[in-house]
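Report on the following structure.
Please treat every number below as a calculation from the coordinates, not as lab data. These numbers come from a predicted model, not from an experiment. Glycine also receives a Cβ, built like all others from the backbone with ideal geometry; neighbour counts cover every protein chain displayed.
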């Protein structure tokens, strides 16, 4: 894969990414269907060269997630799903994605090990962490790993308080315009042949020993497992909790 970088933006970070993940740095826009770009906004991914303005870039300081972090006290349902606790929790986010909910966990004082199998998404999120770490102190309580989450969970000698699962939501026709971010993520998973992994991840974690598992799903989605201990429901989302 290639990364289009103009000369003023060549720095040690993009050279490190290139070296560690075998990404070729080029100064001419690639002819391939998809590629990375690197500029003042950090690392971005263009999923379709015919639509170069459709860019996926992760930013924890502004946009949707930045807005959520500024009003974390409004995350009532997510707090209810975690449960009342006087001590910081150790949370295993098995479907890290863009860290939307893990950043909320961190802002609440918890520590998180987040695992993302997609190399592309991992690189985008890692770069967003690099850009945000001086402005968001609690990000130091995050460990992000690029791997299969089931394998990592079995390898780590850590007693987690919670396993958190937020698999890819289906895109409904009426919500297509509102789901550009989800669509971009889905395209990336298709590129990396990971699109069918979500259901396998859920079933694998259901068969592992853990204190508590939280499964986030669309409100109207069918019940996958019958042994739910309790649920937390919002207007569009529900959290199925297994203890």
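Sequence-distant contacts, meaning Cα pairs under 8 Å at least 6 residues apart, place the relative contact order of the range 63-242 at 21 percent. Using alpha carbons only, the radius of gyration of the range 63-242 set against its Kirkwood radius gives Rg/Rh = 0.92. Think of it as helices only: each DSSP H run of n ≥ 4 in the chain is worth -39500 (n - 2.57), and spread over all residues that comes to -9000 deg cm²/dmol at 222 nm.
Between residue 233 and residue 219, the contour length at 0.36 nm per residue exceeds the Cα-Cα span by 4.3 nm. Rg of the Cα atoms in the range 88-163, relative to 2.2 N^0.38 Å, amounts to 1.02. The tail of the calculated P(r) for the range 2-56 beyond 16 Å holds 35 percent of all Cα-Cα pairs. Axis of helix 180-191 versus longest Cα principal axis of the chain: the two differ by about 80°, to the nearest ten degrees. Descending by average beta-carbon neighbour count within 10 Å, the peptides 111-121, 37-47, 142-152, 2-12 line up as 111-121, 37-47, 142-152, 2-12, the highest first.
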